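I have placed the structure first, in the form of structure tokens, so that the comments after it can refer back to it.
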Amino acid sequence: MANKGPSYGMSRQVQDKIEQKYDPELEVRLVEWIGTQCGSGVGKPEAGKLGFQAWLKDGCVLCELINTLSKDKPVKKIQSSSMAFKQMEQISQFLSAAERYGVAKTDMFQTVDLWEGKDLAAVQRTLTALGSIAVTKDEGFFRGDPSWFFKTAQENRRDFSDDQLKEGKNVIGLQMGSNKGATQSGMTGYGRPRQILNP
């Protein structure tokens, strides 16, 4: 891949906006979770955006992470490589495994977002969504503090009998409005002019 020069004008403004979305506090929490989830073998990155990117760039840490979250290891072969296409392939394997695990397509980052460092906030979003799903599934594979992530909403299906459904048709909901307490007392008669007194 050829190195790209600095961007100018509108491209620079767009890139600045994307970079402002990166959260250093979230980075600390994600690094702590990945370290707890995968063990000390994954190491720790240097603090900051560039250290975070360099740590995850080859895809090995991400693949280790997704493998620790399920019984059957979704990424069978994890190998560190200095070749760009191999690293991107590992990242792609992580992304497809995360999607099978339950992360929504809208929460996924693109391979270049991580590999080229274009949008590391999107990488944070994907890892946060992955943590949330792991906490919600509660299969016993999540390690760490569950309060680091929010639980996603679960379906709460209700089954009503026919009698309950018929009874509900007789109730007028408050959304329809109410005329209780509505009177015309204190209203002036129609047609009378408003009284304006000069002091």
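The values are calculated or read from the model by the stated rules, or taken from the named source; none is laboratory data. Here the structure is a predicted model, which means the values were calculated and not measured. Just so you know, the surface numbers come from the protein's heavy atoms only, side chains and all, with ligands and any DNA or RNA stripped out. Shrake-Rupley method; radii C 1.70, N 1.55, O 1.52, S 1.80 Å.
Counting only protein heavy atoms and using a 1.4 Å probe, what share of the accessible area of segment 25-137 belongs to carbon plus sulfur, as a whole percent?
It is 52 percent, rounded to a whole number.
Given a 1.4 Å probe and heavy atoms of the protein chains only, how would you sort ARG143, ARG157, ARG12, largest accessible area at the top?
From most accessible down to least: ARG157, ARG143, ARG12.
Rolling a 1.4 Å sphere over the protein heavy atoms, what is the accessible area per residue of segment 25-137, to the nearest Å²? Could the numbers behind the result be given before it?
Details: 5190 Å² over 113 residues.
Spelled out: the 1.4 Å probe surface of segment 25-137, per residue, equals 46 Å².
List the pairs from LYS21/LYS44; LYS17/LYS86; LYS44/LYS151; LYS17/LYS57 whose alpha-carbon separation is above 28 Å, in the order I gave them.
Pairs exceeding 28 Å: LYS17/LYS86.
Can you list the aspartates and glutamates whose alpha carbon is less than 14 Å from that of LYS77, not counting same-chain residues fewer than 8 positions off?
Straight-line reach from LYS77, under 14 Å: ASP58, GLU64, GLU89.
Is the C-alpha gyration tensor of segment 79-131 telling us rounded, prolate or oblate? Criteria: a/c under 1.5 is rounded; beyond that, a/b larger than b/c is prolate, otherwise oblate.
oblate
For segment 56-68, in order, what is each residue's ³J(HN,Hα) by Karplus, 6.51 cos²θ - 1.76 cosθ + 1.60 with θ = phi - 60°, in whole Hz (x at glycine and Pro)?
Coupling constants for segment 56-68: 9, 4, 7, x, 5, 5, 5, 5, 4, 4, 5, 5, 6 Hz.
Multiplying the sequence separation of GLN79 and LYS105 by 0.36 nm and subtracting their Cα-Cα distance, what value in nm do you get?
Working it through step by step, the gained length comes to 6.8 nm.
Heavy atoms only, 1.4 Å probe, whole protein assembly: order THR136, THR152 by accessible area, highest first. Mind showing how you got there, number by number?
On the way: THR136 25, THR152 50 Å².
Descending accessible area places them as THR152, THR136.
Could you compute Rg(Cα) / (2.2 N^0.38 Å) for segment 25-137, with N its residue count? Walk me through the numbers on the way to the answer.
Values: Rg = 12.6 Å, N = 113, 2.2 N^0.38 = 13.3 Å.
Here the Cα radius of gyration is 0.95 times the empirical estimate.
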